[in-house]
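Take a look at the structure set out below.
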Amino acid sequence: MSYFSDIYSGIKTLLTGMSVTGKYFLHARKGAITQQYPDNRATLKMFDRFRGEVVMPHDENNEHQCTGCQKCELACPNGSIEIIWDRGIDETTGKKKKKIDQHIYHLGMCTMCGLCIEACPTDAIVWAQNFENSVYDRTKLTKVLNQPGSKVKAGIED
Amino acid sequence: MIRFFSITKNIHEWLFNLMPESVASVVEMILIAVVYLLIFAVAGLYLVLLERRVAAWFQLRIGPNRVGYQGLLQTMADALKLVSKELTGTEKADKFLYNLAPYFVIISSLMALSVFPFTQDFQAFDINIGLLFLIAISSIGVIGILLGGWSSNNKFALIGAMRSGVQTISYELSVGLSLLTMVLLTGSLQLSEIVEVQKGGWLIVQGHIPAVIAFMIYMIAGTAETNRAPFDLVEAESELGAGFHTEYSGMKFAYFFLAEFINMFIIAAIATTVFFGAWLSPFGITESIPILGVVWFLGKTLILVFLMMWFRWTFPRLRIDQLLTLEWKYLLPINLINIVVMAFVVWLKITI
């Protein structure tokens with residue numbers, strides 16, 4: 001008689017489902033995934049893998065890790081990155097050496113694909129976790145990533 | 001000790017001293033109607049809010065909490081918005097029926113509210129065929145849905161309305177028969193007498209196994225009667241837009257929406273009255289304070305409303321053939337056997 005076993009399994013599976021949602025209901029206060037955004041701006045922390053914008057971290061001596069190899073510029077599918085580079089004389093060896101003048105990043109064109117960061121051999125550019133990117137003028141979306149007067153960290157190219 | 005009876009009696013005497021008898025009774029009826037209308041318009045709005053908060057908690061969200069403290073004024077603001085909206089309609093709609101339909105739905109659900117015993121004296125209309133009246137009134141609402149779907153000249157609305165007809169006609173049987181099972185125990189259709197019988201113990205305890213089965217069938221069929229998920233084929237959003245009220249906007253839409261929530265309250269209130277002793281407190285703990293009956297009645301009703309919300313946010317929607325299979329193959333035969341079992345229980349006096 002599958003009729004009665006159908007009724008039994010029907011009720012059993014319905015109760016199983018209700019117990020699952022009931023557990024969610026009881027934990028809703030602690031486990032709520034909603035962020036009440038403008039209110040919790042001070043404490044809101046985005047997760048590590050969030051892709052906000054590309055930044056170039058500088059250390060306390062105003063030194064970055066970009067060697068100007070242009071791999072990121074080549075990797076970018078829509079030309080969001082432009083590197084203006086120059087040649088300088090290396091003090092220690094006296095040889096001519098490539099260095100970046102300006103690492104220009106067009107945030108307005110960026111699709112956050114992350115290919116530039118994967119391509120970078122020295123981890124000079126990374127993802128930032130900020131997300132409040134709106135500005136009143138489009139030109140403000142064109143950013144120069146290296147800070148003025150910065151230079152490449154010694155020993156990065158070895 | 002405050003009793004509703006003393007307050008209403010004072011108003012009653014004052015009215016009858018003020019004007020001739022026939023005018024006074026009409027005025028009294030209008031007053032009662034206005035009071036019920038106000039209470040349940042607000043109650044319906046708060047049920048909508050409750051539904052939204054409960055839904056949010058089931059889905060690990062927070063829900064509306066911006067308008068007023070914890071969002072308490074959210075649905076008031078929504079209602080104001082709906083009142084101020086334009087009433088649109090289709091070109092080739094049957095205008096008369098199209099405009100009439102929302103009133104059928106809302107009036108039938110408000111009429112049903114009049115017979116509930118909220119507490120000992122707080123009952124507008126203690127008719128001696130109370131349960132029959134409730135079952136009859138709750139099936140009038142579907143006429144409004146059918147009219148609305150048919151007259152708005154929209155294929156989605158028509159399909160939704162026809163599905164509603166199929167569903168309500170089928171499940172009406174189960175609602176009626178499961179209540180009939182309990183009538184075997186009470187021996188009366190009058191709601192105040194049904195409550196009187198339960199002074200020794202709620203009917204779900206008195207009738208033990210058949211009463212529990214009847215309660216389960218009633219809750220399933222009642223959820224289907226109100227056209228709520230998992231039986232919301234009538235307005236299946238993924239298939240039919242908004243179902244029978246696709247073409248309605250503004251206040252007319254709000255009537256349908258409010259009626260759905262008041263209907264949910266009615267289904268839960270019938271279950272409270274018939275199975276859980278209406279305004280009676282468990283073991284008579286607050287018997288000396290009759291005004292607390294309202295609190296007990298609303299408390300029990302809200303627990304059952306919550307159960308229906310729990311159903312809604314747990315179960316997936318049924319297909320139309322599954323819906324009919326559930327009713328005609330499972331609920332109805334079980335219900336018929338259950339009536340016989342209950343008859344034996346009452347005959348052999350093995351109630352608790």
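The numbers here are math on the coordinates, done by the rules we state, and not lab data. For clarity, every value in this text was computed on a predicted model and none was experimentally measured. When we count neighbours, we look across all protein chains shown, and the Cβ atoms used for this are built from the backbone with ideal geometry, even at glycine.
Per residue, chain B reaches -22500 deg cm²/dmol at 222 nm when only DSSP H runs of four or more residues are counted, each adding -39500 (n - 2.57). Ellipsoid semi-axes for the range B:225-318, based on the Cα gyration tensor and the rule √(5λ), read 33, 15, 8 Å when sorted largest first.
For the protein assembly as shown, the cysteines with no partner cysteine C-beta closer than 4.7 Å are A:CYS66, A:CYS69, A:CYS76, A:CYS110, A:CYS113, A:CYS120. Sites listed here are GluC sites (Glu not before Pro) in the range A:65-158 whose DSSP assignment is loop and whose Cβ has at most 15 other Cβ atoms within 10 Å: A:GLU91, A:GLU132, A:GLU157.
Dividing the helix sum by the residues of chain A, where each DSSP H run of 4 or more adds -39500 (n - 2.57), gives a mean residue ellipticity at 222 nm of -7000 deg cm²/dmol.
Of the residues B:TRP14, B:TRP279, B:TRP296, the one that moves most in a GNM of chain B with alpha-carbon contacts below 10 Å is B:TRP14. Diffusion coefficient (Stokes-Einstein, Kirkwood radius over C-alpha pairs, 37 °C, 0.692 mPa s) for the protein assembly as shown: 117 µm²/s, rounded to a whole number.
Could you identify which residue out of B:PHE58, B:PHE122, B:PHE257 has the top mean-square fluctuation in a GNM of chain B using Cα springs shorter than 10 Å? Comparing B:PHE58, B:PHE122, B:PHE257 in the GNM, the peak value goes to B:PHE58.
Considering only GluC sites (Glu not before Pro) in DSSP loops that have at most 13 other Cβ atoms within 10 Å, the longest stretch of chain B without any of them is B:92-286. Positive end of the dipole of the range A:10-158 (Cβ unit charges, origin at the Cα centre): among A:GLN36, A:PRO121, A:THR13, the Cα lying farthest that way belongs to A:THR13.
Using a Förster distance of 25 angstrom, determine the FRET efficiency expected from the C-beta separation of B:LEU18 and B:ASN128, and round it to 0.05. Once rounded, the FRET efficiency stands at 0.20. Between B:TYR69 and B:VAL295, the distance separating the two model label sites (each 7 Å from Cα on the Cα→Cβ line) works out to 1.8 nm. Shape summary: chain B maps onto an equivalent ellipsoid whose semi-axes, from the alpha-carbon gyration tensor, are 32, 28, 20 Å in decreasing order. Taking Cβ atoms as reference points and 12 Å as the exclusive limit, the residues near A:CYS72 contribute a net charge of -3, counting Lys and Arg as +1 and Asp and Glu as -1. Reported to the nearest whole Å, the Cα centre-to-centre distance from the range A:5-26 to the range B:333-352 is 27. Compared with the alpha-carbon gap, the fully stretched path from A:LEU115 to A:ASN130 is longer by 3.5 nm at 0.36 nm per residue. From the square roots a ≥ b ≥ c of the eigenvalues of the alpha-carbon gyration tensor of the range A:59-101, which class results: rounded (a/c under 1.5), prolate (a/b over b/c), or oblate? Oblate.
Database remark: amide H of B:LEU318 closer than 5 angstrom to the amide H of B:ASP232 (H placed geometrically; neighbours at sequence offset of 5 or more, or on other chains; Pro and chain starts carry no H). Over what distance in Å are the Cα centres of the range B:231-309 and the range B:1-71 separated? Measuring centre to centre over Cα atoms gives 14 Å. Listing B:PHE116, B:PHE96, B:PHE244, B:PHE253 from fewest to most neighbouring C-beta atoms within 10 Å gives B:PHE96, B:PHE253, B:PHE116, B:PHE244. Taking the C-alpha atoms only, the angle from helix A:2-26 to the longest principal axis of chain A is near 50 degrees. Judged by the gyration tensor of its Cα atoms, with axes a ≥ b ≥ c, the range A:9-157 is prolate; a/c meets the 1.5 cut and a/b is the larger of a/b and b/c. Shielding of peptide B:53-60 by partners, expressed as the average count of other chain Cβ atoms within 10 Å per residue Cβ, is 5.
Short-range pairs are left out: with C-alpha atoms under 8 Å and at least six residues apart, the relative contact order of chain B is 22 percent. Summarised as an ellipsoid, the range A:38-120 has semi-axes of 30, 18, 10 Å, derived from the eigenvalues of the Cα gyration tensor scaled by 5 and square-rooted, with the largest first. The mean count of C-beta atoms from other chains within 10 Å of the C-beta of residues in B:301-313, rounded to a whole number, is 1. Sites listed here are chymotrypsin sites (Phe, Trp or Tyr not before Pro) in the range A:55-158 whose DSSP assignment is loop and whose Cβ has at most 16 other Cβ atoms within 10 Å: A:PHE131, A:TYR136.
Within the listed set A:ASP101, A:ASP123, A:ASP90, the Gaussian network model of chain A (springs between alpha-carbon atoms below 10 Å) gives the highest mean-square fluctuation for A:ASP90. Please report, ordered by residue number, every helix of chain B (full DSSP H runs) that is 24 Å or longer along its axis going by C-alpha atoms and whose mean Kyte-Doolittle hydropathy reaches -0.5. Within chain B the helices that satisfy the rule are B:21-58, B:95-113, B:130-151, B:155-186, B:208-225, B:250-275, B:293-312. Between the range B:152-169 and the range A:111-158, the C-alpha centres lie 58 angstrom from each other. Put +1 on the Cβ of each Lys and Arg and -1 on the Cβ of each Asp and Glu in the range A:53-152; which of A:THR67, A:ILE89, A:MET109 then has its Cα farthest toward the positive end of the dipole? Positive-most Cα among the choices belongs to A:ILE89.
Any idea what the relative contact order of the range B:254-352 is, in percent, if you count C-alpha pairs under 8 Å spaced at least 6 apart? This gives 22 percent for the range B:254-352.
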